[in-house]
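Enquirer: Shown below is the structure under consideration.
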Amino acid sequence: MSNTANNTMNNTWKIYMLALISFLIGTTQLVIEGTLDKVAASVGVSIAMAGQLITAFSLANAIGTPIVIVAIARMKKPKQLLLSLAILLLGIVSTLALPGFGFLMVSRVVLGVATGLFVVTAYGIAAKLAPAGREVGAMSNITMGYSASLVFGVPIGRIVATAYGWKSIFWGVGILSLLAIFIIVRTIPDMEGEAPVSLNKRLAFLKKPKIAITLGVTFFMFIGYSVINTYITPFLADLMPGIGQEMSVILLALGIASLIGSKLGGFLADRIGTVRTLVGGMAIQVLALVLLSLVHRSVIVTITLLILWMIAVWTFGPTQNFNLVSLAPESSGIMLSLNSSFVQLGFAAGAGIGGITVGALSIMAITWIAAASIAFATIVAAVSSGIASSFLKHVAMKFHNMAA
């Protein structure tokens, strides 16, 4: 086997290793959603208040990550990875050692910055390790690793938390993170940093109406997603009192649905177009959530609608990334970074709005709030893309022909 082939194989395994660590990192974000009721009980706060842990994490990820990336842009890539894992360990230690809800909130901020920094840096390293022409595929492996934490990390975390307490999950992640530091030191080659792209240059893209509107659609779509997903465990517990290990099975099913949705999004976008996939997927979400609001006392129907909703949600993710890159192909990295920030801002706003809704109304009201937010995003996307006007013209022509 040639040296080139050997290097390609070695680099492929390094990319998969980064994807595996991304799975580990993603678990620190998503596991709280799967154990929110247990976290709330352990620190003596309400479910609504505990939901703000997701808000703190997401805001730190969305706002803090770009600032840190600009500040350390010239640092060598492996050192950036090690810095992110060091910050992650700091957040884990504070989660485990410091008492009370206030310190836990601070820990979530630290973990939010660490997670964002690691994932963005891993994207860049994966692209450089990949053979020419396969950079996007390498980056998608990092995305898949992070997304897999939703599929497996959340339900496994629920099982572990039920048996040993929710903090045991962070013990496991902390120990594996120490191992990850050793592996990175031994395997990732030196890579120079990049010239920093200033925050002003990044934010300048928001002055372009088409890009700003598209990012706004991302924001409101993920508000709707976060309102439900943040409070999914208390929602299911209210629906099915006394639920035990079945909770983990349902969370696993929803995670698998997210993977199906990601694949389906790309399949549909290639065949019916990006915009139709986005608008159609959001319309299905609204329909599923409205039906969920009306028939939520039927367990089987509720779970079926949640799975349908989750599939539709994740047709949005990769399709919207492609949509944004197509608006500014010469600045694809900045577009993906901005979209990631707006996703996290949507997570934060949704967790906050959901907390207010749960505290002031009831846990079942979150489905209506989510449906309203996604409906607004659907309308904006349809109008801005011209789909709405095309549809109205088509309907008007039909009526005209019928009248004639």
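Just so you know, all these numbers are worked out from the coordinates, no wet-lab data involved. No experiment lies behind these values; they were computed from the predicted model shown. Here the Cβ is made from the backbone with ideal geometry for all residues, glycine too, and neighbour counts use every protein chain on show.
Enquirer: Among Glu246, Glu330, which comes first, second and so on when ranked by fewest other beta-carbon atoms within 10 Å? Walk me through the numbers before you get to the answer.
Expert: On the way: Glu246 13, Glu330 7.
The fewest-first ordering by Cβ neighbours comes to Glu330, Glu246.
Enquirer: Give me Asp238, Asp270 sorted ascending by neighbouring Cβ count inside 10 Å, so fewest comes first.
Expert: Asp270, Asp238
Enquirer: Same structure, new question: When Lys and Arg each count +1 and Asp and Glu each count -1, what net charge do the other residues less than 15 Å away from Asn229, Cβ to Cβ, add up to?
Expert: On the way: positive: Arg158; negative: Glu33, Asp37.
Summing Lys and Arg as +1 and Asp and Glu as -1 gives -1.
Enquirer: In deg cm²/dmol and to the nearest 500, what is the mean residue ellipticity at 222 nm of the chain if only DSSP H runs of at least 4 residues count, each as -39500 (n - 2.57), divided by the residue total?
Expert: Numbers: 19 runs with 334 residues, N = 404.
It comes out at -28000 deg cm²/dmol, rounded to the nearest 500.
Enquirer: Can you find, among Val358, Met75, Val217, the residue farthest towards the positive end of the dipole of the chain? Put +1 on the C-beta of Lys and Arg, -1 on that of Asp and Glu.
Expert: Met75
Enquirer: From Cα pairs below 8 angstrom and at least 6 apart in sequence, can you work out the relative contact order of the chain, rounded to a whole percent? Please report the intermediate quantities before stating the final value.
Expert: Details: 583 pairs, mean separation 98.0, N = 404.
Over the chain, the number comes to 24 percent.
Enquirer: Around Ile169, what is the net charge, scoring Lys/Arg as +1 and Asp/Glu as -1 over all other residues with Cβ under 11 Å from its Cβ?
Expert: Working: positive: Lys38, Arg158, Lys167; negative: none.
Its environment carries a net charge of +3.
Enquirer: Can you work out the Karplus-derived ³J(HN,Hα) for every residue in region 172-189? Use 6.51 cos²θ - 1.76 cosθ + 1.60 with θ = phi - 60°, whole Hz, and x for glycine or proline.
Expert: x, 5, x, 5, 5, 5, 4, 5, 4, 4, 4, 5, 5, 4, 7, 10, 7, x
Enquirer: Now a separate question. If you line up the Cα atoms of region 1-92 on their principal axes, what length do they span on each, largest first, in Å?
Expert: Cα extents, longest axis first: 61, 30, 19 Å.
Enquirer: In addition: So what is log10(I(q)/I(0)) for the chain at q = 0.08, 0.11, 0.12, 0.14 1/Å, when the Debye sum runs over its Cα atoms only?
Expert: -0.43, -0.81, -0.96, -1.30
Enquirer: Can you give me the pair-distance distribution of region 1-196, C-alpha pairs, 10 Å bins, whole percents?
Expert: Histogram of Cα-Cα distances, whole percents per bin: 9, 35, 34, 16, 5, 1, 0.
Enquirer: Of Lys76/Lys128; Lys128/Lys210; Lys14/Lys77, which sit over 24 Å apart, Cα to Cα? Can you show the working numbers first?
Expert: Working: Lys76/Lys128 13 Å; Lys128/Lys210 31 Å; Lys14/Lys77 14 Å.
With Cα atoms farther than 24 Å apart: Lys128/Lys210.
Enquirer: Something else: Would you mind ranking Ser84, Ser385 by Cβ crowding within 10 Å, fewest neighbours first?
Expert: Working: Ser84 27, Ser385 21.
Going from least to most buried by this count: Ser385, Ser84.
Enquirer: For region 198-404, what is the convex hull volume of its Cα atoms per residue in Å³?
Expert: On the way: hull volume 31.3 nm³, N = 207.
It comes to 151 Å³ per residue, whole-number rounded.
Enquirer: Using a 10 Å cut-off on Cβ atoms, rank the peptides 342-354, 44-56 from the highest mean neighbour count down. Please list the in-between numbers first.
Expert: Values: 342-354: 24.9, 44-56: 21.0.
Taking the mean over residues of other Cβ atoms within 10 Å, the ranking is 342-354, 44-56.
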